[in-house]
1. For the stretch 1-23, which residues satisfy the criterion of being on the phi > 0 side of the Ramachandran plot and touching a residue at least 40 places away in the same chain (Cβ under 8 Å)?
2. Out of the residues in the stretch 74-98 that are touching a residue at least 24 places away in the same chain (Cβ under 8 Å) and surrounded by fewer than 13 Cβ atoms within 10 Å (Cβ to Cβ), which is farthest from GLU122 (Cα to Cα)?
3. Considering the stretch 121-132 alone, what residues qualify as being surrounded by fewer than 16 Cβ atoms within 10 Å (Cβ to Cβ) and not hydroxyl-bearing (Ser, Thr, Tyr)?
4. Does THR141 satisfy the condition of being closer than 30 Å to GLU217 by Cα, touching a residue at least 60 places away in the same chain (Cβ under 8 Å) and surrounded by fewer than 16 Cβ atoms within 10 Å (Cβ to Cβ)?
5. How many residues does the stretch 112-159 hold that are under 30 Å from ASP41 (Cα atoms), in contact with a strand residue (DSSP E or B) (Cβ under 8 Å, 6 or more places away or on another chain), in a loop (DSSP other than H, G, I, E, B) and not charged (D, E, K, R)?
6. Looking only at residues in the stretch 56-84 that are within 19 Å of GLY34 (Cα to Cα) and among the β-branched types (Val, Ile, Thr), which one is farthest from the chain's Cα centre (by Cα)?
7. Could you grab me the full set of residues in the stretch 158-186 that are modelled with pLDDT of 95 or more and among the acidic types (Asp, Glu)?
8. Identify the residue in the stretch 95-111 that is part of a loop (DSSP other than H, G, I, E, B) and of a type in the set (A, V, I, L, M) and, among all such residues, is nearest to ASP214 (Cα to Cα).
Amino acid sequence: GLSPFTEYTIRVSALTGVGEGQTSDSVTVLTPAGAPSFPMDVEANAVDSQSIRINWQPPTEPNGNVLGYNIFYTTDGESSNNQQTVGPDDTTYVIEGLRPATQYAITLNAFTEAGEGERTEERVVTTLTDVPGAPASIDATAVDTTSIRVEWQAPSEMGGTLLGYKIYYQLVGEDSPSTADVEPTEISYLLTELQPYSEYLIWLVGYTEAGEGDSTEQVTVQTPQGGRS
């Protein structure tokens with residue numbers, strides 16, 4: 001029933017039917033360290049699209065010298081926890097290199113020379129949305145004298161929920177492009193009401209609530225010459 005990592009002062013005396021005898025000199029004994037209780041006051045908040053900051057306070061029952069803290073984090077689809085270890089004086093840490101708009105479950109524990117203590121309850125945090133990567137494989141083909149079909153593939157990195165695409169197009173030599181908004185499920189769009197026998201510069205981006213992402217390469221397409229009236 002003694003407490004771990006605690007000094008006890010011990011004296012011994014003999015007891016007979018006559019009474020208690022003289023006590024011995026006292027000795028002081030330190031019980032071995034035990035595993036600590038869990039860290040306190042844990043908070044976890046998204047810093048940006050790829051990092052989460054964790055704050056905590058030391059265990060109320062260290063049961064020894066705390067040698068450090070283990071931080072565990074995982075997300076759906078991962079078979080095992082990721083882990084970071086920090087020093088005994090740390091009470092804050094930023095997990096970096098995470099995926100945008102992704103939910104992470106985070107726990108931590110302290111450890112002494114006796115081993116790891118209890119883990120905290122899970123804190124669930126979602127990283128912030130980021131802009132998407134560039135749409136892939138853009139292709140544009142003139143359909144007739146006044147229209148061009150643009151085709152592409154979705155970005156490999158969405159950055160969050162894709163809200164749509166924006167196609168930019170302009171006559172070669174002009175400075176101000178026109179735009180066409182396209183639904184996020186589409187990978188093809190027909191630009192119409194263009195000028196015959198004209199060269200157009202075309203590119204597109206995806207966008208999330210964080211804004212527009214990277215642009216595709218620019219492609220150049222010329223509409224055919226119109227027939228004589």
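The values are calculated or read from the model by the stated rules, or taken from the named source; none is laboratory data. Worth saying up front: this structure is predicted, and the values here are computed from it rather than measured. Here the Cβ is made from the backbone with ideal geometry for all residues, glycine too, and neighbour counts use every protein chain on show.
1. Scanning the stretch 1-23 gives a single hit, PHE5.
2. Only one residue tops the list, namely GLY97.
3. GLU121, GLU122, VAL124
4. The answer is yes for THR141.
5. Count: 5.
6. My answer is THR60.
7. Hits for the stretch 158-186 are ASP181, GLU183, GLU186.
8. ALA101
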